[in-house]
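The values are calculated or read from the model by the stated rules, or taken from the named source; none is laboratory data. Worth saying up front: this structure is predicted, and the values here are computed from it rather than measured. Using ideal geometry, Cβ is built from the backbone for each residue, glycine included, and neighbour counts are taken over all protein chains shown.
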Amino acid sequence: MTRSAQEVRRQKQGNVEDDQPWLSQEVPELTSKSSNSICFKGEGLCVIYLKDGAISQPETDMLTALSKKFTSQLSDRGAKMKFMWLDLATEAAYKELFKPTQLPSAVVFNPHKRLRFTKLDHGEDGEVKGDEAGLANLVDKVLGGDARFTPVPGQKLPVWVTREKAAKAGKKEL
């Protein structure tokens with residue numbers, strides 16, 4: 001391979017990461033661009049952390065810890081859980097679909113055959129929080145076969161919000 005061909009290949013690989021940053025994130029954001037590769041077209045179930053706005057570092061750390069905990073528990077069972085987060089302040093159609101009673105919250109989404117999900121039950125008085133314990137209980141319930149899944153109406157996902165690239169948004173016309 002010529003030197004310029006190697007450079008072109010390296011640039012293309014760099015562009016893939018630039019175009020698909022979710023591939024290198026520990027807990028990627030679920031968006032129109034990332035949804036197929038991190039959830040809907042892959043194997044396993046999607047554990048989606050529902051947030052009103054951006055995710056914080058402590059929340060990312062919590063989800064990473066849960067992901068590692070359940071990945072090690074599931075490795076011998078063939079089940080796969082992928083952890084991600086969704087900004088409901090931006091994706092209002094998904095807020096309407098999942099109807100969380102409080103935020104933060106979570107759903108476990110099954111994108112296979114029939115689109116369906118089960119959500120974190122916050123209890124009658126909202127005493128169950130969308131924290132590490134609440135999410136662990138939700139995942140345990142799913143793995144134990146005790147979760148009741150709700151089908152997505154019409155088996156059609158809501159339309160994603162179209163987002164402009166941050167780089168374009170940062171440039172102002174003179």
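Exactly one residue among Val27, Val47 is assigned to a loop (DSSP other than H, G, I, E, B) and hydrophobic (A, V, I, L, M, F, W, C), and that residue is Val27.
Counting the residues of segment 113-134 that are over 23 Å from Lys41 (Cα atoms) and not in a loop (DSSP other than H, G, I, E, B) gives 3. The lone criterion from (1) under 24 Å from Pro151 (Cβ atoms); (2) at pLDDT 95 or above; (3) surrounded by 11 or more Cβ atoms within 10 Å (Cβ to Cβ) left unmet by Ala89 is number (1).
Here is a yes/no grid of residues against (1) of a type outside the set (A, V, I, L, M); (2) modelled with pLDDT of 95 or more; (3) crowded, with 20+ Cβ neighbours inside 10 Å:
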{"position": "Val47", "(1), (2), (3)": "no, yes, yes"}
{"position": "Lys68", "(1), (2), (3)": "yes, no, no"}
{"position": "Thr71", "(1), (2), (3)": "yes, no, no"}
{"position": "Met81", "(1), (2), (3)": "no, no, no"}
